[in-house]
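Reviewing the structure listed below.
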Amino acid sequence: MRALPLLLIAVGCNDYDLVPKDDNSNTDDTAINGTDDTAPPVVDACGELEQPGPDPVALNEECEVSLQTGSFTPVVEWSYGNSSFCGPAAVGQIADTNGSGSIDAQDLPMVLIYQNNSVIAVKGDGSGVLWSSNGNYGQDGGFAIGDVDGDGWPDVVTASSNQVCALNGVGGARLWCTTGLGTHLDTYGYSYPSIADMNGDGNPEVTAGSVILRGSNGAIMARGTRGKGAAPYGGTGSGGTYGALSVPIDLDNDGQMELVTGNTAYDINGNIVWSNGGLDGLVAIADFDGDGQGEIVKTSGIYVTGMETNGTEVWGPLTYTGNLGAPAIDDLDGDGTPEIVFAAQNALIAMEWGGAEMWRATITDNSGAAGPVLFDFELDGYPEVLYADETSIRFFSGLDGSLKFTNGQHASYTILETPIVADVDGDDQVEIVLGHCGNGFSSSFGAVTVYGDADQSWPPGRKIWNQHAYSITNIESLGGVPAGTGGNNFRDFNSFRSGDVGRPPSEYWDLQAQILDVCEDECDSGWLYVAARLQNHGNLDLPAGIPLSLRAGGGGPIVATQAIPSDVPAGMTSEVVIFEVESSLVRGTTPVVTADEDATGTGVVYECEEGNNGEPWIETVCD
């Protein structure tokens, strides 16, 4: 699958500088950040460590995947709850479940849901509840997960009909609540918050509808006066609106995010950047025309409209029936250009930019307003479309709309909910999380159901899906909030409400590590040197910046990381990098170098095989 955004710093192998420490790392500053003035130069200490030039390696032919045309086989892994919850849920690693002292890649994700207006954090493996926070937080609205106060620990943001609150992710304690926001949110509580560092100053904001709040304390920074991401019933507004679902994003790449609604974009201070005089609505954003900026697709009751970066309506409105839900975006047919998927009452529609329909599939959704999400479960380059209507769960092929799976254990009055996709139990395979609510709800469904794959074939994925307005780069893997344009997903993945699309058939990455040499000559003086490189057994070139980690033994702590300084062609090794670490950190262990692992234990590319990335040295060191 496509590489996640590379935020690492590439360095030359002769510089012997290590990658800056990730804020969430629990490793030693000296080991991660590099050397101090007392460290002997590596050449003087060890002579010449083995540093051959790039060499060819065999491609992993087992990674060849053809187009999959059959159905796939989701099965229920667990369910929880006994009262209605529409969703979407949110998933993230919000608590230190492995006792490391910080959030890291090995912590168990949590699934956030509402039950009777309280927030419940359910353990992602289905083993029970981590915490519940009682209060009038909401029921049918959404969540946002992210570190709103900059303390290195993800928080949970809630929204209802008149207030937005932030809870501590570790135990659910209330951090703040801001009330009196009724005019900016949805009257019935269908309000969906987002978290973003809109001006890139390192202090995240919380947005919901047309209000912008300071993430650290909930103080009101701005109140928008026009759109709030609300769709008018029937497309007229005479019967009111549904939803408050705005999107913070830097549309024009100027380093400052806008809060985008169906008819207005605001800056961080609430000033109107543009207003097009049209209907408000539910939006999704991607670069459809290849100009490097974000275009907007809007659903407004019965209408679908395409808008330019400046809000100009450039096609549509096209008329459908029902109350349309929030759209999702990704490349459905592998042509390199994203397409749009949305629900229109009893039809699920796939559409090209400009309004031409690709396909439509039958659903049962008289009330309308539920939405799809996308993910490539079969790693064949074409995403599946996940959708739940009033009576059934339905999963479709993104390529042609053919039905791949359906299950009747579901009920909903369909009001802006979607499924979500994340690795909720840390088993290196994604799961599907789906809420149940409304007419026909039965406690036998549970409030939320988690689906896995009967064949254990689904790929690894992120352990976070943090908000309704989700895109891959709007949140870091461990809940950190990217600054400014760091959240511009259309530059890296060009998708929205999608967990990413895999590579086209038979295109893949497979990364492995190789230890070339170890120098123990200076162990007694306090230093160990390790020469290593990355092997690209995939048939796609790798970009510069892929990390290598050095652990003190198999399963031991990460004591250093390095970034590969240059691109690595398919079937070749990388340049050699040198790890320089304090010998006390590895003494008596067998060092292990792992490809595609950063200082937090997180990878940055999706590979066809994730279990072959590490290589141990042949013996213990510095004994």
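Would you please put 604-615, 538-549 in order of how densely packed they are, using the mean number of other Cβ atoms within 10 angstrom per residue and starting with the highest?
The densest-packed peptide leads the list: 538-549, 604-615.
Excluding same-chain pairs closer than 8 in sequence, count the lysine pairs in the chain whose Cα atoms lie under 25 Å apart.
Number of lysine pairs found: 4.
Among A513, F445, A196, whose Cα lies farthest out toward the positive end of the dipole of the chain, if unit charges sit on the beta carbon of Lys, Arg (+1) and Asp, Glu (-1)?
After comparing all options, I get F445.
Can you give the local net charge around G243? Use residues other than it whose beta-carbon is closer than 15 angstrom to its beta-carbon, Lys and Arg +1, Asp and Glu -1.
In short, -1.
Roughly speaking, to the nearest percent, how much of the stretch 434-503's 1.4 Å accessible area is carbon and sulfur?
38 percent
With +1 assigned to the C-beta of every Lys and Arg and -1 to the C-beta of every Asp and Glu, and no other charges, what is the dipole magnitude of the chain about the Cα centre in debye, to the nearest 20?
3580 debye
Just need the relative contact order of the chain here, percent rounded to a whole number, with Cα pairs under 8 Å and 6+ apart.
Relative contact order comes out at 17 percent.
What whole number of Å gives the distance from the Cα centroid of the stretch 57-132 to the Cα centroid of the stretch 363-382?
18 Å
Considering only G209, A595, V122, whose Cα is most displaced toward the positive end of the charge dipole of the chain, charges sitting on Cβ of Lys, Arg (+1) and Asp, Glu (-1)?
Projecting each Cα onto the dipole axis, the largest value belongs to G209.
Can you tell me which of 433-440, 174-181, 406-413 comes out highest on packing, and rank the rest after it, using the mean Cβ neighbours within 10 Å?
433-440, 406-413, 174-181
If ligands, DNA and RNA are left out, what is the accessible area of T187 with a 1.4 Å probe, given in Å² to the nearest 10?
110 Å²
Give me the distance between the Cα centres of the stretch 452-523 and the stretch 194-223, rounded to whole Å.
Here the two parts' Cα centres lie 26 Å apart.
Which distance in nm do the two modelled labels at T620 and N136 give, with both placed 7 Å along the Cα-to-Cβ direction?
Spacing of the two 7 Å Cα→Cβ label points: 6.3 nm.
Mind grabbing the accessible area of D598 for me, 1.4 Å probe, Å², rounded to tens?
20 Å²
Can you give the net charge of the other residues whose Cβ lies under 13 Å from the Cβ of G189, counting K and R as +1 and D and E as -1?
-3
Within a Cβ distance under 11 Å of E62, other residues only, what is the Lys/Arg minus Asp/Glu net charge?
Around E62, the surrounding residues sum to -4.
With +1 on each Lys and Arg Cβ and -1 on each Asp and Glu Cβ, how big is the dipole of the stretch 259-376 about its Cα centre, in debye rounded to the nearest 20?
580 debye
What residue among T187, F377, T261 has its Cα farthest toward the positive end of the dipole of the chain, where the charges are +1 on Lys, Arg and -1 on Asp, Glu, each on the Cβ?
Final value for the positive-end residue is T187.
Before rounding to the nearest 500, sum -39500 (n - 2.57) across all DSSP H runs of length at least 4 in the chain and divide by the residue total; then give [θ] at 222 nm in deg cm²/dmol.
-500 deg cm²/dmol
The values are calculated or read from the model by the stated rules, or taken from the named source; none is laboratory data. Everything quoted here is computed from the prediction, not taken from an experiment. We place every Cβ from the backbone using ideal geometry, glycine too, and count neighbours over all the protein chains shown. Only protein heavy atoms, including side chains, enter the accessible area calculation; ligands, DNA and RNA are left aside. Shrake-Rupley method; radii C 1.70, N 1.55, O 1.52, S 1.80 Å.
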